[in-house]
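The values are calculated or read from the model by the stated rules, or taken from the named source; none is laboratory data. Nothing here was measured: the structure is a model prediction, and the numbers come from that model. In this analysis, Cβ positions are derived from the backbone assuming ideal geometry, glycine residues included, and neighbour counts consider all displayed protein chains. What goes into the accessible areas is simple: the full protein's heavy atoms, side chains included, and nothing from ligands, DNA or RNA. Shrake-Rupley method; radii C 1.70, N 1.55, O 1.52, S 1.80 Å.
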Amino acid sequence: MIPAPFAYHAPQSLREALRLLRAHEGEARVVAGGMSLIPAMKLRLAQPEHLVDIGGLSELSGVRRTDDGGVAVGACVTYRRLETSRSARAAAPLLAETVAQVGDLQVRNRGTLGGSAAHADPAADAPAALLALDAALRATGGARPRVIPAARFFLDAYETALAPTEILTEILIPKQPPRTGAAYLKFANKASRFAIVGVAAALTLDRRGVCSRARVAVTGAGPRPVRASATERWLTGRQPSQTAIGEAAARASRGMEFIEDVHGSEEYREHLTRVITRRALEEAARRAGA
Amino acid sequence: MRQVTLTVNGRRRSAEVEDRDLLVDLLREKLRLTGTHVGCDTSQCGACTVLLNGAAVKSCAVFAAQAEGAKVTTIEGLAKPGGPLHPIQQAFHEEHGLQCGFCTPGMALTLHEFLRRNPDPADHEVRAALGGNMCRCTGYQNIVASALNAARKMRGTA
C-alpha cells in the first residue's frame, strides 16, 4: 500500500518543527514513531501534504526527575525506553507497566508516549495511566507555552486540546503519595492488543489502611479515556476491602458513554468496565499494602 | 525524489527514494535485499521486521527517509556470506522452526534484539517477545524451541 504523496521534513530543532507546522498549517501532521499515523497514511485514511518528523529531536527524547520528585518524559520517548528505563520504572511504575502492554515489541520500539497522547486513539493504553497519575502535558507553539492537565487534554476520539500549530513536548508525572499502589489491567483485542476496556487504578492508603485518594481511569470503553469518578468517590474514606472494592467497581460505568463496534456492544463494554475496574482496584490495593 | 544514505548490513548504501517510499521498499526494490518480506503490509504480521539502529522494527511502517544515517540489519546481514549460519538461524534449522519460511526472517531479527537483552529467557517471555510476528504454518511450538536453542547457543551452553 502506498500513501498519497507528501513532503517529508526532518527538522533539526523544535523551533524549526514549529516553524514548519505554522508554514503548513492545516496541511501538516506531526509524526514521531508513526505507529498509528503511517498505517493510516498507507490506508489513505490520513493524507497530510506535509509530514513533520520530530522523532529524532533529542530535546524531546529525555526522561528526567523533576524537582517535586516526579518524572518528566519527553514526548518522543519510546514505550520500549519507558519499559526498560530503571529511572522511569522507579518514578512511575504504573506508566512503565501500562506501556509494556502496548502492541508488540516492534511497535514499542518506535511508538512514543507523546504520540499516544496526541493521537488520542480511544483504545490506547497510555492515556488511562496519564489520567490515573494526574499527569500534565506541556505544549508549545500556541500563543504561549502551556501545561494542560490530562483530565482536560483528551476531548474526544482522536481529538485533543492541542491546537494545529502546537507540539506536545513533555509529559509531567507528579510524585505519587507514599502508600500508593497502582495497576493497569486490560481486556485486549487479541489481534491488535488495543484495549477493548483498560483500567488504570491508583489507590493511596493512610496509616490506618483507609483509602485517602483514589484515581481510576478507563480507556477503550468510550470515545475518550475518562475517570470513573463515582468509583473514586465511593472508595475514598473506606477500607479497600473486597466488599468495598466490589461496591466501588459496580459504580464504574456510572455517567460513562460507551461505544459499540465489531469487538463488543455497549452493554458488553459496560460490563467489562465494572469487571476490569474491580480487578485493577484489587491489584492496586494489594500493592498499596492493604 | 531524495537521496537516502544509510548503512545496511555494515555497508554504506545510497538510493533515490520518494518521500512516501517505505523502508521495506528501499530494501527490497532499490537494494534488492529480498529476504525482508512483506506479509500483511499493515504493520501487524512482523514479516518485514529489520533492526533499525539495533531495535526490531516493522519496515513497512517506517519511511525510507526516516532511516537517513541509520544502521539497518536485515536477514542477509546475520551471517557472513559463505560462513557459518548465525546461531539463531542454526537453531531454526535444528529445531525445524519453519515450514514455508516466509515469516522466518522477521522472527530471527526480533529474536536477535530480544536475546541480546534477555539471554536466558523463559518460554513465556519468548512467546511475549514474538507477539508481533505471525506464523501461519508451525503453531509456534518449534519457533519457541528454536528461540530457546538459540539462546543456549549464544550463551555458549549448547
Quick one: if you stick a label point 7 Å off each Cα along the C-beta vector at B:Q3 and A:N189, how many nm between them? 4.3
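Under unit Cβ charges (Lys, Arg +1; Asp, Glu -1), what dipole magnitude, rounded to 20 debye, does the protein assembly as shown have relative to its Cα centre? Please report the intermediate quantities before stating the final value.
On the way: 57 positive and 44 negative charges, 264 e Å.
Result for the protein assembly as shown is approximately 1260 debye, rounded to the nearest 20.
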Report, largest value first, the span of the C-alpha coordinates of segment A:1-78 along each principal axis, in whole Å. 45, 25, 18
C-alpha center-to-center spacing [segment A:144-198, segment B:114-138] in angstrom: 29
Give A:K190/B:K80; A:K42/B:K30; A:K186/B:K30 a once-over and call out the pairs whose C-alpha atoms are over 31 Å from each other. A:K190/B:K80; A:K186/B:K30
Please report the equivalent ellipsoid semi-axes of segment A:220-278, computed as sqrt(5 x eigenvalue) of the Cα gyration tensor, largest first, in whole Å. 23, 11, 7
Taking the Cα centre as origin and putting +1 on Lys and Arg beta-carbons and -1 on Asp and Glu beta-carbons, what dipole magnitude results for segment A:180-288, to the nearest 20 debye? 520
In nm, the gap between the two label points placed 7 Å beyond Cα toward Cβ at A:D67 and B:N118 is 4.0
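Carbon and sulfur together cover what percent of the accessible area of segment B:2-76 at a 1.4 Å probe radius?
Details: 1100 of 2800 Å².
Accessible surface attributable to carbon and sulfur in segment B:2-76 totals 39 percent.
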Just to be sure I follow: if Rg is taken over the C-alpha atoms of segment A:131-230 and Rh is the Kirkwood radius over the same atoms, what is Rg/Rh? 1.03
In terms of the charge dipole of chain B, which places +1 on Lys and Arg and -1 on Asp and Glu at the beta carbon, the residue among B:V50, B:A108, B:T157 farthest towards the positive end is B:T157
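Return the Rg/Rh ratio of segment B:87-155 with Cα-based radii and a Kirkwood Rh.
On the way: Rg = 10.4 Å, Rh = 11.5 Å.
Value, to two decimals: 0.91.
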Where labels lie 7 Å past Cα in the beta-carbon direction, separation of A:E59 and B:K80 in nm: 4.5
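What stretch of chain B, leaving out the sites themselves, is the longest with no trypsin sites (Lys or Arg not before Pro) in a DSSP loop having at most 16 other Cβ atoms within 10 Å?
Numbers: sites that count: B:R32, B:R136.
That would be B:33-135.
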For segment B:88-144, give the magnitude of the charge dipole about the Cα centre (Cβ charges: +1 Lys/Arg, -1 Asp/Glu; no others), in debye to the nearest 20. 200
For B:R136, placing the label point 7 angstrom along Cα-to-beta-carbon and taking segment B:77-109, residues whose amide nitrogen sits under 18 Å are B:98-107
Provide the buried accessible surface between chains B and A in square angstrom, both chains summed, 1.4 Å probe, rounded to the nearest 100. 2200
Residues of segment B:87-134 that bury at least 40 Å² of accessible area, probe 1.4 Å, when all protein chains are present rather than the chain alone, are B:R117
Give me the 1.4 Å probe accessible area per residue for chain A, excluding ligands and nucleic acids, in Å². 43
Taking all protein chains in place and a 1.4 Å probe, what share, in percent, of the accessible surface of segment B:87-155 do carbon and sulfur account for? 52
For segment B:32-158, accessible area per residue (1.4 Å probe, heavy atoms of protein chains only), Å²: 43
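So what is the diffusion coefficient of chain B in µm² per second by Stokes-Einstein at 25 °C and 0.890 mPa s, using a Kirkwood Rh over Cα pairs? The partial results should precede the final answer.
Values: Rh = 15.8 Å.
The calculation lands on 156 µm²/s.
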What is the set of long-range amide H partners of A:F194 at a cut-off below 5 Å, with H atoms built 1.01 Å from backbone N? A:N189
When the charge dipole of segment A:58-173 is computed with +1 at the Cβ of Lys and Arg and -1 at the Cβ of Asp and Glu, the Cα pointing farthest to the positive end, of A:T78, A:A150, A:I167, is that of A:T78
If I take all pairs of Cα atoms in segment B:2-76, what percentage of them are more than 14 Å from each other? 52
Restricting things to alpha carbons, find the Rg to Rh ratio for segment A:1-141 using the Kirkwood radius for Rh. 0.97
Bin width 20 Å, origin at 0, all Cα-Cα pairs of the protein assembly as shown: what percent of pairs per bin? 25, 54, 21, 1
Select from A:I245, A:A200, A:C211 the residue farthest towards the positive end of the dipole of segment A:180-288; place +1 on Cβ of Lys and Arg, -1 on Cβ of Asp and Glu, and compute about the Cα centre. A:C211
Please compute, for the alpha-carbon atoms of segment A:7-51, the extent along each of the three principal axes and give them in descending order in Å. 30, 20, 13
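What percentage of the solvent-accessible surface of chain A, computed with a 1.4 Å probe over protein heavy atoms, is contributed by carbon and sulfur atoms?
48
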In segment B:13-56, the residues losing 40 Å² or more of accessible area (1.4 Å probe, heavy atoms of protein chains only) relative to their chain alone are B:D19, B:R20, B:D41
State, in angstrom, two size descriptors of segment A:180-288 derived from its alpha carbons: Rg to one decimal place and Dmax to the nearest whole number. 13.4, 46
For A:K175, list the aspartates and glutamates whose Cα falls under 14 Å from its own Cα; do not include residues on the same chain fewer than 8 positions away. A:D67, A:D68, A:D134
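Where Rh is the Kirkwood radius over the Cα pairs of segment A:62-154, the temperature 4 °C and the viscosity 1.567 mPa s, what D in µm²/s does Stokes-Einstein return?
Numbers: Rh = 13.4 Å.
Stokes-Einstein gives a translational diffusion coefficient of 97 µm²/s.
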Comparing the chain by itself with all protein chains present, which residues of segment A:20-53 are at least 30 Å² less accessible (probe 1.4 Å)? A:M35, A:I38, A:P39, A:K42
